[in-house]
1. Put +1 on the Cβ of each Lys and Arg and -1 on the Cβ of each Asp and Glu in the chain; which of PRO109, THR159, SER187 then has its Cα farthest toward the positive end of the dipole?
2. Which shape class, rounded, prolate or oblate, goes with the chain when its Cα gyration tensor gives a ≥ b ≥ c as root eigenvalues, a/c under 1.5 marks rounded, and past that a/b bigger than b/c marks prolate?
3. For ALA31, which sequence-distant residues (separation of 5 or more, or a different chain) have an amide H within less than 5 Å of its own amide H, given hydrogens modelled in the peptide plane?
4. Using a probe of 1.4 angstrom, how much of the accessible area of the chain is carbon and sulfur, in percent?
5. Could you pull the accessible area for SER192 with a 1.4 Å probe, rounded to 10 Å²?
6. Quick one: putting +1 on the C-beta of Lys and Arg, -1 on the C-beta of Asp and Glu, what dipole do you get for the chain around its Cα centre, in Debye to the nearest 20?
7. Could you provide, to the nearest whole Å², the per residue accessible area of region 132-224 with probe 1.4 Å?
8. Can you list the aspartates and glutamates whose alpha carbon sits under 12 Å from that of LYS6, skipping same-chain ones fewer than 8 residues off?
Amino acid sequence: MYELLKDLRIVEGSAFVAAPLGGMTLAQLGADVIRFDPIGGGLDYRRWPVTRQGQSLYWAGLNKGKRSIAVDLGCPEGKELVVALIAEDTPNAGIFLTNFPQSDWLGYPALKQRREDLIMVHVQGNADGSSAVDYTINAATGFPYTTGPADNPQPVNHTFPAWDALTGINAALAVVVAERQRRIAGSGQLISLALSDIAFSMVGNLGYLAEVQVSGEERPSIGNRLYGAFGHHFSTRDGHEIMLVAITRRQWRNLVAATGLEQEFQQVETQSGLDLNQEGDRYQATDAITSLLEPWCVRHDLADLASIFDAHGVCWGPYRTFSELVRQDPRCSAKNPVFSTVRQPGIGEYLMPGSPLRFAAEQRQPPRPAPQLGADTDEILSTVLGLSSAAIGDLHDRGVVAGHYER
């Protein structure tokens, strides 16, 4: 992988999406991320989607490029091994990323006693420590009432865990920032990161809160339209669905040129008094614009439409199922250097993404698979903690640690 974060070691104790994604983001940039789990697996070790043999594609997908150690977290010796890993006394170590509740032995005060400059990034549901997950937080953001058909009064959840994803990326950023601050000032710190703060901050950043407070307006549900400019979905003659968008003036002019409907759109302007070169006016004229584009699109097969739109630089895209995405879109294939076909132990070969960041000065390397649970236990105990083979064997014999071969 990239060597950008070479020698940086992060210990991760996590479940769900945000914290594992943060660790994986760092691992894909070259950091040594050691994930510890209880023997037999943690909360998400068997989470769906799973293979027919019960192997979690979810777990494998969020732990690529990491190392794994399996420890009995219920016994004092197991706890001590984890604490020793977290507080390991080398310059580029002493970084802990977790979403586990603060406890007497995994809390920041206790860990700081073992290493004064410890960095700990703690992912939470709510900032007050109360329980929440992406789907409960999203319900409170207002977005479900703006999602779905315009005539549907019920909230509609999206299935993508957006707040988890944003929190995970911010968790990785927090590690990098805190590590830089430690190198400059010599001090560690606790960084708390709440899913709800990420979500509500983004609601504010996008102007939704100000829209209510300043303008006194409630954002409506508008189906597959784009708010504030022109965007709508359309059907093709051969039964496909596409999304057309014209946010900028250039995008609008390209769409007009591609469809040859310039005179018809001029009539819309004359009748409505709107200037379709203005994105807000295009939003107000969405019904009229759509009524002209619908019959135009339905006269064309998808292939013909794609040829015309691409030739004119139109901003558009087809709707695709996950299966169609795998079969048809070169952006989600080994043709895209982000992706490689990799063998995941215990599952088989399939398409995996690496880091989506493209550094001009760094040669892109293929993604590394997720480790099997406990696959690196002995190596970590030996090379990181300096335990002898006899000591490691004794830990195995007493069930304090486990390797993959023991399950």
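The values are calculated or read from the model by the stated rules, or taken from the named source; none is laboratory data. Because the structure is predicted, anything quoted here is derived from the model rather than measured. With ideal geometry, Cβ positions are generated from the backbone for all residues, glycine too; neighbour counts draw on all protein chains shown. Heavy atoms of the whole protein, side chains included, go into the accessibility calculation; ligands, DNA and RNA do not. Shrake-Rupley method; radii C 1.70, N 1.55, O 1.52, S 1.80 Å.
1. The Cα lying farthest towards the positive end belongs to SER187.
2. Since a/c reaches 1.5 and a/b is larger than b/c, the shape of the chain is classed as prolate.
3. LEU5
4. Carbon and sulfur together cover 53 percent of it.
5. Accessible area, nearest 10 Å²: 70 Å².
6. In debye, rounded to 20, the chain gives about 760.
7. 56
8. Output for LYS6: ASP32.
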